[in-house]
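Enquirer: What follows is a structure written as structure tokens; I'll ask about it next.
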Amino acid sequence: MIETRSRKQSGGSEEVIKTVQFSVLRYDPKTLPAPRVDSFNVPVTKGLTVLDGLHYIKENLDSSLAWRYSCRMGVCGSCGMFINSYPRLACNTQVLELKTDTVHLKPLPNFDIIKDLVPDLSVLFEKHRSVRPFIVRRDVSIDELPSGEFFQSVEELERYLQFTYCIKCGLCMAACPTVATDRRYLGPQPLTQAYRYDIDSRDDGSDERKEEALGSHGAFRCHFAGACSEVCPKGVDPALGIQLSKRRAFVASLGLLPKKRLAAVAPPVTSAKRREGTPDAPERTVR
Amino acid sequence: MPESGFRRNQLGLVGWLSGGRYGIERYAFTLHRLTGLAILAYFLLHILVGSSRMLGEETWNSVMERLDSPVFRYGEFLVYLAFAFHALNGLRLALTELGFFLGAPRQPVFPYTSSVRRQRPLFVLVMIVAAVVVVLGGYDFFFAHPVK
Ligand code: SF4
Ligand code: FES
């Protein structure tokens, strides 16, 4: 009964195409002296993802298995893991597409292990925070203008839009050879986000990001191995962001960077007429 | 590996050295670093050998005699190989790290493409040039001035 339900959850058909062995690294730093590998047989139906397979194991074979997930649709960035030695999102990876009879699962490397397949992503979030990933303005206080908007053209938006798709899954950090040897190197995700804000026409915070993003553990430690862009599940292309930030820093060092024309704050719309039949906005729930 | 090493799960030198299942540029990264170290080692040896001249002509001659063996000649060719790769790949890196050949940022539409793929023809081109340089150099090493 449970088995049927779990197969249905995959959203695919119920016909078992083959049985695949899930070879999973198990480790709890608090209780185990060293990791071990447990193997589970998982009946695979069409469309079954690695995440579904893990659910099957948890429901039917070993309830103590730990991994992290939330959205099941490649949006939250929680389920990154090393799948057959390649960083992928478990929810975004179909077992049949791996074309193997054994799926080796390990937690994302270059992050501490919390338990089994759960990496400690807090170092990523700290690095991300360290580059001030938000609009910084000196002339207007954003806090005072919670409902204000800035003018921005489509061209200005397109310069950084690609980099905003990042879901902070950490796959790029697991693939990067420099992160592998230098824990203090910021890494592809934070550096790309630093660049994303640096070139945003609304932002005036480049100077505040400089020390982190272009310092001795910043963008110039990247040597363009390119693995980050290859593994990124959202097509963010962090390698591009980092190289462009190096170009920007180089041009700036020559004193040739054009002065940024900061986006102005748009005045509140007063003159526009409301279209007939437009419903009222719901009551505000947060004040 | 100590307990804390397991917990840290840092790939370390293994992650730095092995290209894994990633693209060719990741291998080029490793090779670039290794050839850089090899050229540096050669350079130090070169200075050391050259400085033996300071100890007089006799020392110099005996050092030169000792170096005039196939091992060093072939070794020198290996350094030449490393140089050809390092110089030409370095040219590609200098260009790409300054943002050339990468294309502009774009909306990520599945199936995604990336700057790494867009610069790949440049990588292939510099590797072809490196191969030509190696073949020409190889001719010089092994045919025009063969090892005695
Ligand atoms: S850049 Fe891509 S791989 Fe890196 S954290 Fe963001 S979404 Fe994940
Ligand atoms: S569960 Fe959210 S990205 Fe996989």
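The values are calculated or read from the model by the stated rules, or taken from the named source; none is laboratory data. Source: prediction; values computed, not measured. Positions of Cβ are generated from backbone atoms using ideal geometry, with glycine treated the same way; all protein chains shown enter the neighbour counts. All accessible areas refer to the heavy atoms of the entire protein, side chains included, with ligands and DNA or RNA removed. Shrake-Rupley method; radii C 1.70, N 1.55, O 1.52, S 1.80 Å.
Enquirer: Normalise the Cα radius of gyration of chain B by 2.2 N^0.38 Å (N = residues in it) and let me know the number. List each step's numbers first, then the result.
Expert: On the way: Rg = 21.1 Å, N = 148, 2.2 N^0.38 = 14.7 Å.
The reported ratio for this selection is 1.44.
Enquirer: Please check: in the Gaussian network model of chain B (C-alpha springs, under 10 Å), which one of B:100, B:29, B:110 has the largest mean-square fluctuation.
Expert: Looking only at B:100, B:29, B:110, the largest GNM fluctuation is found for B:110.
Enquirer: Let me ask something additional. Compute accessible area for segment A:164-197 by itself and then with all protein chains, 1.4 Å probe, and report residues whose area falls by 20 Å² or more.
Expert: Output list: A:165, A:175, A:177, A:180, A:181, A:183.
Enquirer: Kindly list the residues of segment A:253-287 that lie in the label zone of residue B:98, defined by a backbone N under 14 Å from the point 7 Å along the Cα-to-C-beta vector.
Expert: Backbone N within reach: A:253-256.
Enquirer: Related question: How large is ³J(HN,Hα), in whole Hz, for each residue of segment A:189-203 in order, when computed from phi with the Karplus curve 6.51 cos²θ - 1.76 cosθ + 1.60 and θ = phi - 60°, using x for Gly and Pro?
Expert: 5, x, 5, 5, 5, 4, 5, 4, 7, 4, 9, 6, 5, 8, 9
Enquirer: Right, here's the next one. Send over the per residue convex hull volume for segment A:7-119, Cα only, as a whole number of Å³. Don't skip to the end; give the middle numbers.
Expert: Values: hull volume 10.7 nm³, N = 113.
Here the figure is 95 Å³ per residue.
Enquirer: Let me confirm the definition first: pairs of Lys residues in segment A:7-119, 8 or more apart or on different chains, C-alpha distance under 17 Å. How many are there?
Expert: Lysine pairs meeting the criterion: 10.
Enquirer: Under the rule of -39500 (n - 2.57) per DSSP H run of 4 or more residues, summed and divided by the residues of chain A, what mean residue ellipticity at 222 nm is obtained, to the nearest 500 deg cm²/dmol?
Expert: Working: 10 runs with 84 residues, N = 287.
Theoretical 222 nm ellipticity from helices: -8000 deg cm²/dmol.
Enquirer: Could you please state how large a percent of the accessible area of segment A:141-273 is carbon and sulfur, counting protein chains only and using a 1.4 Å probe?
Expert: Details: 3360 of 6280 Å².
The nonpolar share, carbon plus sulfur, comes to 53 percent.
Enquirer: If I require 24 Å or longer along the helix axis, counting alpha carbons, and a Kyte-Doolittle average no lower than 0.5, what helices from chain B are left? Use full DSSP H segments.
Expert: Numbers: long enough: B:24-51 (40 Å, 1.10); B:70-97 (39 Å, 0.76); B:120-139 (29 Å, 2.27).
Correct list, ordered by number: B:24-51, B:70-97, B:120-139.
Enquirer: Hey, for a label at residue A:15 modelled as a point 7 Å past Cα toward Cβ, could you say which residues of segment A:80-115 have their backbone N under 18 Å away?
Expert: A:95-97
Enquirer: Still on this structure, please answer the following. Looking at the protein assembly as shown, which Cys residues are left with no other cysteine's beta carbon under 4.7 Å from theirs?
Expert: A:79, A:91, A:166, A:169, A:176, A:222, A:232
Enquirer: Moving to a separate point now. Can you sort B:54, A:173, A:73 by solvent-accessible area, 1.4 Å probe, largest first?
Expert: Sorted descending by solvent-accessible area, the residues read B:54, A:73, A:173.
Enquirer: Along the three principal axes, how long is the protein assembly as shown when you take its alpha carbons, biggest first, rounded to the nearest angstrom?
Expert: 98, 61, 39
Enquirer: For segment A:145-249, what is one quarter of the convex hull surface built on the Cα atoms, given in nm²?
Expert: Values: hull surface 28.3 nm².
Answer in nm², one decimal: 7.1.
Enquirer: Which residues of segment A:243-262 bury at least 20 Å² of accessible area once all protein chains are present, versus their chain alone (1.4 Å probe)?
Expert: When all protein chains are present, A:243, A:244, A:246, A:247, A:250 each give up 20 Å² or more of accessible surface.
Enquirer: Could you tell me the center-to-center distance, by alpha carbons, between segment A:57-111 and segment B:12-91 in angstrom?
Expert: 42 Å
Enquirer: What total accessible surface area, summed over both chains, is buried at the interface between chains B and A, computed with a 1.4 Å probe and given in Å² to the nearest 100?
Expert: Between B and A, the summed buried area is about 3700 Å².
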